[in-house]
Each structure stands twice: as C-alpha cells, then as structure tokens.
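The values are calculated or read from the model by the stated rules, or taken from the named source; none is laboratory data. Remember, predicted model here, so these are calculated numbers, not experimental data. Positions of Cβ are generated from backbone atoms using ideal geometry, with glycine treated the same way; all protein chains shown enter the neighbour counts. Please note that ligands, DNA and RNA were not included when accessible areas were found on the heavy atoms of the full protein model with its side chains. Shrake-Rupley method; radii C 1.70, N 1.55, O 1.52, S 1.80 Å.
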Amino acid sequence: MSTGTLRQILLITDGCSNEGREPALAAAVAREHNITVNVIGILDHGELGEHGIEEVERIAQAGGGIHQVVYARDLSKTVQMVTRQAMTQTIQQVVNKELTHILGPEQMIDALPPEKRSKVVEVVENLSETMALEVLILVDTSASMKSKIGAVVQALRDLKLSLGSRIGENRFSLWTFPGRKSAAHKHMDWSTDLTALERAFSRLSPQGTTPTGPALEEALSYMVGSLPENLFADDDEGMFTSYA
Amino acid sequence: MPNPPLVIRGKWRGKEYRVLRELGRGTGGIVYEVSHAQRNFALKVGHDSFTLTSEINVLKLLQKAEGTVLGPSLYDVDDWVSPSGVRSFYVMNVIKGVPVHHYVRNQGEEWLPVLVMQLLGFLDQLHKRGYVFGDLKPEHLLVTGSPPRLVWFDAGGMTPIGRAVKEYTELYDRGYWQMGDRRANPEYDLFSTSLMILHMAQGKPVTLQQDPLTTFIHQMERTPLLTPYRTVLKNAFLGRYPSAQAMKKDWFIAWQKDRFPGKTRRAPFSQPGNTSPSRRTTANKPKKGWRLLVKVFKIILFLILSSFLSLLAALYLIYQVL
C-alpha cells in the first residue's frame, strides 16, 4: 500500500469561468478517477466576487478536494498547506472506507476510542509522508492575473521545497489557461523537477478569457491518459494501485 | 464558537470539566481554562480530531522528558459530544507565564542568554528523542516563575526527524529564508532559534530583505545586546551546528567571555571555515606563565639540537681530512 500514488490537480485562479462548460463537471469526473481537485482563489483586485468564490468552493467539492480563498501575499503558505491537507484527507478517506469494511458501518477514524485512533493517525501520517504524489498544476493566466504571476511563481517554488522535504517522490506537470489554440497549454510533462517553472512564466503574457471548465477537461484527459492501465481494472483498489 | 460551553464531558472516560474562561486560540483548536475535582486545568478542543490526535501522540512521547524546561503534561484525552458534533479534546496543566519576547523586552535583557541556554538544552533533549520542534517562535515560549524558567507549549509543529516539518511560521522558517529545505533536522530548529533570538533582542521580528545572510548580519550588528554572540548566531543561521548541544556549548563560552573579558581574549568574528564551530572556539588557550615556560624550553631544545648537529658536522670534516 505504501508504494501507491496520490493524484491531485491544483487549480489557481482569480476569476469566475466565462467560457465553456461548468468546471465542476470535469472536477467530478476527476474524482471518479481518484484524482483530487484542489482550488485556490486569489482575491486581490480580481474578478473573483461572490460568484467566483462560490465556484471555487463548488469545483473543490465536486473534485473531493480542499479550497481556499486568499490574498496573493498568503499564496505560498496556502498552496503547500492545501496540497498537504488534501493528501492526508485522501488517505483518511481510504482508511475510513477500509475500517467500515472491516468493522462495520459507522466505524470511522473519528469514532474510534482515543487510543486506537492515535495508532491509525500514525499510520495515515506515515503514508502521507512516504507515498508518491503527482500534482498537475493548472494556473489561470487570463488578463487579470498579470499582477499576481510573481506570487504564483513564488508559491510554486515554495510548494516544490515543501514537498521535496518529504520522503516520498513527487512529480509535477505544469499547465496554464487559456492556451493560444486550445483551452489549456502544457508547459511541462511529468517531472520530479519544477525548473521549467520560471521559464514558462517569464515568456507568458497574461491575456484572454477564463475557460476554466474546458481547461480542467483538457488537463484531466492528459492526466488520465498517463495513468497506468491497471488502474481501471479494479475500482475499489484504484487509489493505492502501484506501478508494479 | 461564539460562547464558551458551560461543561465539557468526556464520552469515553466520563470526566466532567467546568469551563471557566477561554485562554486562547492556537493552531488547530481553542484552549479553555477548566476546573475538575477542585483543580484548574487547560483543556484544548481540536478543530479536527486527526490533527489533535497527532498532537497528542507527540505529547505522550514527551511526558517523561527531564530538564529545566517545562512543557504541557497530559492529564486526560477524550471526545466531547458538543452541540455541533463530536470534538476531540485533551486536558493538561495550566501554564501561566509571559511570552518570552515580552519578558526579555520588559525586564529580562540580562536573562536572555540564560533563557537561550535553557531552550538549547530542551531542544537537545527533544532531538535526542527523534523530534524537532518545527514551529519554533517566541509566541510558543513562556517565561514563568522567579527565577525565570522557560515553558513551551503547542506541539502542533513537532515532527519526527527526517520528515517534512508539519507546521511553521514563515518569519522563522528556513525554507522561506532560502537557507535550506523543510526537512526536519536539528539544524532546522537551530535556524529558527537564531532568528528568534534576534527577534527577542530587537523587540520585533526580522523580515527578509534581499539577500538572506546580509539581512541577518546587518540586523545582528544593529543589536548591541548580541555582540558577544555574533559568531554563534551566524553559525546557527548557516546550519553549521549538528546539534543543539554544540550550539549551547559555544553560547556558554561566548557568555563566559562576555562576563570575564579580562581573563580571555574575545574570539574574532569567525569566517566560514571547514572545521566544526564548537571545536574551533572551545580550543583551550594556555595561561600566560605557562606559555613563557614553553617558549624558554623551546629555545633550550633548539640550542641543544643545533650544537649537536654542528658537532656531528665537525667530526665528519675531521674524519674526511684524516
């Protein structure tokens, strides 16, 4: 079980989607593939508004992930925190499922007596420290993001640092939207490094609309396309299936 | 929670705690002062049971720690069926004290070096047990009693050595300062310690500007209180101390030199070198009379050797001639 891989999509945006289908759709599909979708909304003079905040929440809920709405100055801390919380949350969900399986309904981590719970917590912490992690980073680069790209680069550099301090392996893929010809543009294939980060963002000039839904769909099909085949064989075990 | 609850009753062990007042809101929960069996305790209700349990696991491990630095001691662990659902809580002793930076600022400049020694002793113990403090900052350290002693609380950041630090505050975080990663090791805590000492001595936290090392040294040089400790602080900042014990040793020597400036020479501000810092500064300097004796002995030895050599040369020459 410890050789499994956790998969996440991290969406960073400062606005409401205004093109294509609703983003929560793609997020719900991601969840069906055991891919968690986390969403971070940036507040500073963006177009997030009430609708945007609602959408951020809705995407994360559909994607089984965590959402946070923050100012750009808090982005670094938030990005790494959300990613790590989502990891433990996913593992907790799997453990809960197993517990109900073994001990009957309503037997979740929270319902265990404190002594037993403390052992389960240790196991979950071990897993979230040692399991491999794949994060597809999807950054909104529509016109309003121009002033925040610096903070995004800083936050992603910090994410790499935080995850790099774990025992488990990390792989990243970097995408931005809107793309020139398609909804989203891939800057970087799966890699343990994020060196392409600086390069990708230095050439970028934020412009255009916010096709969050289509961008998520594209990123998702790339991610699902690179999944190992056996993932589809047994739905129940999917999340922890190793590359063996 | 807008109003503190009146009574918190444990679901598993059945103990009842009467809530007196809210003590504070920390990372991961709210702490109340409560009374139970004619005694007062601090009770922490967690925001989520997972994080709180993880904290309890560390606290349990540290229950048998010895030393001058006090920490929370666990009294009870249980769940509370609150109006808004089941919440985990733990009960510990009430810790009363002044946050360490306020103490130093208002009444304890003299005590700063001693409190640092206490802290380093505690950190060394913690590290030997396989954990780092992680989220080390003045807000997590109190000064209590007279004579003052250091007390720590908030185990939320405590992380097994070798893993990624669980919780941190950017101002004291090695990663944020671009001086390394967030892998838990003794050097991580000692880095935070160096910035925390600077904060305590200056009365305000140091913010990163441009180059990290330049910022640090510049701020240190502006703080006369820290003049004797510059070398030690710089070594800690650069991650040169493999253990809290090594830093404590150097810190003590610096303290000693500051107290008795006539007896020993002040170590010059050391340049980055490859020897371990503690070895460099702890090398014993012989006393003055002893040094003179050694000098005389050296001269005599030289004279004997040279006369012996010249005698040999003379004998050789005579032999050649004959």
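Taken over region B:194-239, residues that are touching a Ser or Thr at 6+ places or on another chain (Cβ under 6 Å), of a type in the set (S, T, N, Q) and under 18 Å from B:Val100 (Cβ atoms) amount to 1. Just one residue in the set B:Val94, B:Val143, B:Val98 is in contact with a Lys or Arg (Cβ under 8 Å, 6 or more places away or on another chain) and away from chain A (no Cβ under 14 Å); that residue is B:Val143. Among the residues of region A:155-169, those identified as at the interface with chain B (Cβ under 10 Å from one of its Cβ atoms) and not basic (Lys, Arg) are A:Asp158, A:Leu161, A:Ser162, A:Leu163, A:Gly164, A:Ser165, A:Ile167, A:Gly168. Screening A:Arg73 on (1) outside any loop (DSSP other than H, G, I, E, B); (2) more than 14 Å from chain B (Cβ to nearest Cβ); (3) more than 15 Å from the chain's Cα centre (by Cα) shows it passes everything except condition (2). Apart from one condition, B:Arg174 fits all of (1) within 14 Å of chain A (Cβ to nearest Cβ); (2) modelled with pLDDT under 95; the exception is (2). Take region A:204-220 and flag every residue that is in a helix (DSSP H, G or I) and among the small types (Gly, Ala, Ser). Passing the criteria: A:Gly213, A:Ala215, A:Ala219. Only one entry of A:Glu122, A:Glu54, A:Glu115 meets the criterion of being away from chain B (no Cβ under 14 Å) and open to solvent by 20 Å² or more (accessible area, probe 1.4 Å), and that entry is A:Glu54.
Looking across region B:34-44 at every residue that is more than 14 Å from every other protein chain (Cβ to nearest Cβ) and part of a strand (DSSP E or B), the one that is surrounded by the fewest Cβ atoms within 10 Å (Cβ to Cβ) is identified as B:Arg39. The single condition from (1) within 11 Å of another protein chain (Cβ to nearest Cβ); (2) open to solvent by 30 Å² or more (accessible area, probe 1.4 Å); (3) more than 21 Å from the chain's Cα centre (by Cα) that A:Arg84 fails is (3).
Within region A:62-79, the set of residues being open to solvent by less than 30 Å² (accessible area, probe 1.4 Å) and either under 18 Å from A:Ile149 (Cβ atoms) or in contact with a Gly (Cβ under 9 Å, 6 or more places away or on another chain) (or both) comprises A:Val70, A:Ala72, A:Leu75, A:Ser76, A:Thr78, A:Val79. Any chance region A:89-97 includes a residue that's within 30 Å of A:Lys160 (Cβ to Cβ), within 21 Å of the chain's Cα centre (by Cα) and open to solvent by 70 Å² or more (accessible area, probe 1.4 Å)? Yes: one or more hits. Restricted to region B:46-128, the set of helices (runs of 4 or more DSSP H) holding at least 2 residues that are free of Cβ contacts under 8 Å to residues at least 60 places away in the same chain, closer than 19 Å to B:Gly10 by Cα and open to solvent by less than 40 Å² (accessible area, probe 1.4 Å) comprises B:49-61. Can you tell me which residue in region B:17-30 is farthest from the other protein chains (Cβ to nearest Cβ), limited to those that are in contact with a strand residue (DSSP E or B) (Cβ under 9 Å, 6 or more places away or on another chain) and farther than 19 Å from B:Gly85 by Cβ? Among residues in region B:17-30 that are in contact with a strand residue (DSSP E or B) (Cβ under 9 Å, 6 or more places away or on another chain) and farther than 19 Å from B:Gly85 by Cβ, the one farthest from the other protein chains (Cβ to nearest Cβ) is B:Arg21. Among the residues of region A:158-178, those identified as in a helix (DSSP H, G or I) and open to solvent by less than 60 Å² (accessible area, probe 1.4 Å) are A:Asp158, A:Leu159, A:Leu161, A:Ser162, A:Leu163, A:Gly164.
On inspection, A:Lys181 fails the criterion of being in a helix (DSSP H, G or I) and away from every other protein chain (no Cβ under 14 Å). Filtering region B:138-152 to residues that are touching a residue at least 60 places away in the same chain (Cβ under 8 Å) and either out of contact with any strand residue (DSSP E or B) (no Cβ under 7 Å at 6 or more places or on another chain) or more than 24 Å from B:Phe89 (Cβ to Cβ) (or both) leaves B:Pro138, B:Arg149, B:Leu150. Determine, yes or no, whether A:Lys148 is closer than 25 Å to B:Thr169 by Cβ, more than 14 Å from chain B (Cβ to nearest Cβ) and not small (Gly, Ala, Ser). Spelling it out, A:Lys148 is indeed closer than 25 Å to B:Thr169 by Cβ, more than 14 Å from chain B (Cβ to nearest Cβ) and not small (Gly, Ala, Ser). As a summary of the residue check, A:Pro105 satisfies the conditions (1) open to solvent by 30 Å² or more (accessible area, probe 1.4 Å); (2) facing chain B (nearest Cβ under 8 Å); (3) not in a helix (DSSP H, G or I) except for the one numbered (2).
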